[in-house]
Amino acid sequence: MLLESLKRGDTVLEARGITKRFPGVLANDRIDFEIKAGEVHAILGENGAGKTTLMNILFGLYQPDEGEIYLYGKKVNFRSPLDAIDMGIGMVHQNRKLIPAHTVIENIILGHPRAGNILNLKRTGKEITELCDRYGFKIDLKAKVWQLSEGEKQIVEILKALYRGAKILILDEPTSALAPPETKRLLESIRIMTRDELAIVPFITHKLPIVLEVSERVTVLRRGKVSARLETTGATEKSLAREMVGRDVIFRMERVEVEKGKPILQVENLSALNDKNVLALKDVSFSVQEGEIFGIAGVSGNGQQVLAEVLAGLRKAQGGKVLLDDANITHSPSLERWSKGIGYIPSERVDVGSIGDFSLVDNIAMNYYFDVDFTKGGIVNYKGLRKLTEEMISEYDVAAPSPDTMAKSLSGGNLQKLILARVLSRKPRLLIANLPTQGLDVGATEFVQNKLMEAKKEKAGILLISEDLDEVLSLSDRVAPMYEGEFMGIIPGGEARREIVGSMMAGLKPKVEEI
């Protein structure tokens, strides 16, 4: 049976009794799951609940220990993703599967049978451009992947699956790195696919408003088991969160008032280039005080990432000054900044914040290898580091079998908790938190935000960079909307209104009486 011969509502892909075990972890426990033609079916659950494992099984990346898979009513056995792709299943992974040094078009056609022995980039470019026009994607096909924003990289992954003829499209956290306008366009693209082509979309996400907006049905996983199956009609964000976590969740943190101290960070007329050698940070000036959360709100690609990297010592400043406790650190290396009390949580928890093939102990050591308590005479105190890692795993509720677990085996939320533990355990004077809750479930988001509040109470100065406007408004003592490398203003947190800040993020400067 082919997809085209099915009627809307017919079962297309079905998993029966799927069980998958990893050392020390029962990831999937007798899961039943089905996808129907023409529907968007959302998969919800906390980080580590087994969502991605189940989808990896449906895509042929993992083999189930028990259970069966049926496609168009016929039992199938995917020996590898190639089998799944050949049968019209595509998967867009949460972690990118792209080659940074290659162009967009090269990544899309890499390994594709239609590419042939001799590349016809003109023909291929035309075909991909038609896909972009059809689904509303805008991207430079000649750009190198390393030059793209996270949102643009996600679009490349989606185009790659569509170009290979996917009719069943598995999307794992597809909007986690997208700016609001990109998210809106993606959701419209999904509606076009389900309406015109009966594409089937298992949709894994932690963004509950998106679930309610785009999906017809929801399957909730908790600790590897199906805890609920429900129609989205009549569901609410609070009810979905309760099914995921097993308790009520606080969606909006209350700003904690702390007496402010002296300025820790002072930035004066700071400018810097991005990876395309274009001026992306333009004469930015601000300060961060003790006991303050200074929030930067902006759509991805407006200079926030460049600012974070300059302050962390990972990118050269082209002009201006950076002062930490009145000491000029504008051109200081990262290690010196760490030793002076700067902590950095990068937005890319996989590529920058951790090393996947290293153990949790070795990942913790990355912020302690220069500490005399753990390294003397070139000899690493692994016993001490292991004890420290165990304490962090316990305090930060990191779901891991042991400190020897490879970082790549952790879910996104648990990996973020590990990075947070590694940075905050050093009690930084200044914490640079770049997209600290991106891609996290509601429970993990609540946990991270509470930790930021605790650091604030301990008089740390926090620079919070977030694309979640609600997060910035609820946590920040001052808010700086950012657009095309510039601050559009700095507003006291208690006076920042969503409509005004949102318009400033789009480049509109409000009238004085509106602020």
Query raised in the report: So for the range 3-245, taking the charge dipole from beta-carbon charges (+1 Lys/Arg, -1 Asp/Glu), which of THR205, THR129, HIS112 sits furthest toward the positive end?
Result: HIS112
Query raised in the report: Placing +1 at every Lys and Arg Cβ and -1 at every Asp and Glu Cβ, with all other atoms neutral, what dipole size does the range 3-245 have around its Cα centre, in debye to the nearest 20?
Result: 240
Report task. About the Cα centre of the chain, how large is the charge dipole given +1 on each Lys and Arg Cβ and -1 on each Asp and Glu Cβ? Please answer in debye to the nearest 20. Result -> 840
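How much length is gained on full extension from VAL372 to ALA101, taking 0.36 nm per residue of separation minus their Cα-Cα distance? Provide the component values of the computation, followed by the final result.
Values: separation 271, 0.36 × 271 = 97.56 nm, distance 3.85 nm.
So the chain would gain 93.7 nm between VAL372 and ALA101.
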Report summary line: Given a Förster distance of 22 Å, the FRET efficiency implied by the Cβ-Cβ spacing of ARG255 and GLU499, rounded to the nearest 0.05, works out to 0.70
Query raised in the report: So for the range 3-245, taking the charge dipole from beta-carbon charges (+1 Lys/Arg, -1 Asp/Glu), which of ALA27, ALA42, PRO81 sits furthest toward the positive end?
Result: PRO81
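Explain nothing, just the number: relative contact order of the range 3-245, from Cα pairs under 8 Å at least 6 residues apart, as a whole percent.
28
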Requested in this report: Just add up the charged neighbours of ASP140: K/R +1, D/E -1, any other residue whose Cβ is under 12 Å from the Cβ of ASP140.
Outcome: +3
Query - Helix-only CD estimate at 222 nm, as mean residue ellipticity for the chain, using -39500 (n - 2.57) per DSSP H run (n ≥ 4) - result: -9000 deg cm²/dmol
Query raised in the report: Taking a threshold of 26 Å on the Cα-Cα distance, which of the pairs LYS262/LYS321; LYS144/LYS340; LYS20/LYS97 fall above it?
Result: LYS144/LYS340
**Report entry** Relative packing of peptides 231-238, 137-144 - highest average C-beta neighbours within 10 Å first
**Finding:** 137-144, 231-238
**Report entry** Residue list for the range 10-37, given a label point 7 angstrom along the Cα-to-Cβ vector of LYS225 and an amide N cut-off under 18 Å
**Finding:** 16-22, 25-33
**Report entry** Förster radius 45 Å - calculated FRET efficiency between ASP283 and SER394, Cβ distance, rounded to 0.05
**Finding:** 0.50
Report summary line: Options (i) 23.7, 75; (ii) 23.5, 71; (iii) 24.8, 88 for Rg and Dmax of the Cα atoms in Å; the value derived from the coordinates is listed as (ii)
Report summary line: TM-like helix rule applied to the chain (DSSP H, alpha carbon span at least 15 Å on the long axis, mean Kyte-Doolittle at least 0.5) gives 412-424
Query raised in the report: Hey, what did the range 1-142 get for relative contact order, percent, Cα under 8 Å, at least 6 apart?
Result: 20
Query - Distance from the range 6-67 to the range 288-303 (C-alpha centre basis), Å - result: 38
Query raised in the report: Expressed in nm to one decimal, what extension gain is obtained for the pair VAL380 and ARG195 from 0.36 nm per residue of sequence separation less their Cα-Cα distance?
Result: 60.7 nm
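Under 8 Å for C-alpha pairs, at least 6 residues apart: give me the relative contact order for the chain, rounded to a whole percent.
Value for the chain: 16 percent.
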Report task. Starting from the Cα-Cα distance between GLU66 and ALA506, subtract it from 0.36 nm times their residue separation and give me the gain in nm to one decimal. Result -> 153.3 nm
**Report entry** Listed residue (ILE190, LEU324, PHE447) projecting farthest to the positive dipole end of the chain, Cβ model
**Finding:** ILE190
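Can you give the % of DSSP beta bridges in the chain that are antiparallel, to the nearest 5?
The antiparallel fraction comes to roughly 55 percent.
None of the figures in this text is laboratory data; all of them are computed from the coordinates on show. Not measured: the values here are computed from a predicted model. Glycine gets a Cβ as well: all are built from the backbone with ideal geometry, and neighbour counts include every protein chain shown.
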